[in-house]
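Student: For reference, the structure I am asking about is given below.
Nothing in this text is a laboratory measurement; each read-out follows from the coordinates by a stated rule. No experiment lies behind these values; they were computed from the predicted model shown. Note that we place each Cβ from the backbone using ideal geometry, even for glycine, and neighbour counts take in every protein chain shown.
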Amino acid sequence: MKKAFSLIVVFLAFATVSFAQKGVIKFTKESHDFGKVPQGTPVTHTFEFTNTGTDPVVISQATPSCGCTTPDWTKSAVMPGQKGFVKATYNAASMGSFNKNVTVVSNGERSSIPLTLTGEVVSKETAAASPAAPGADKNKKKGTR
């Protein structure tokens, strides 16, 4: 009788684990530093992710921390092994450092994931004189595309 009860408990534990599987959003990175940004020039970064789970993932919303940031995202279900994106555009209207978040809400294992954008808005003259922003293509030669 005890063995039968133990087997039932073990079976239910395995069944619960297998039913508990979900989609898993795995971003390549969850923050981006734009470096120095010329004032009045919107900047955009696309955060890419892969669904590493066993179920489809659907992003229901991506909420910015303020009206100065506009998000866009993959609206359809992202199947296991497939890729999706969350794109965030910062308007760069106000001078100074910024640290903005876009909170991604989904049916995934982590139901809420904050993505972070940082940088510093400077005058256009200062931005033109500064070195390339972090993440810029440093191998690009002048005069070539």
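Student: At a Cα cut-off below 17 Å, give the aspartates and glutamates reachable from Lys83, other chains included and same-chain residues fewer than 8 away excluded.
Tutor: Glu30, Glu48, Asp55, Asp72, Glu109
Student: Ratio to report: Rg/Rh of the range 71-115, with Cα atoms as the point set and Rh obtained by the Kirkwood method; give two decimals.
Tutor: 1.07
Student: Now for a separate question. Taking 7 Å along the Cα-to-C-beta vector as the label spot, tell me the Lys100-Ser60 distance in nanometres, rounded to one decimal.
Tutor: 2.5
Student: Compute the distance in nm between two label points, each set 7 Å from the Cα along the Cα-to-Cβ direction, one at Glu30 and one at Thr116.
Tutor: About 1.0 nm separates the two model spin labels.
Student: Moving on to the next point. What net charge is computed for the residues neighbouring Val102, neighbours being all others with C-beta under 12 Å from the C-beta of Val102, Lys and Arg scored +1, Asp and Glu -1?
Tutor: Residues close to Val102 contribute a combined charge of 0.
Student: Between Ser76 and Gln39, take the C-beta separation as r, use R0 = 30 Å, and let me know the FRET efficiency to the nearest 0.05.
Tutor: Working from the Cβ atoms, E equals 0.25.
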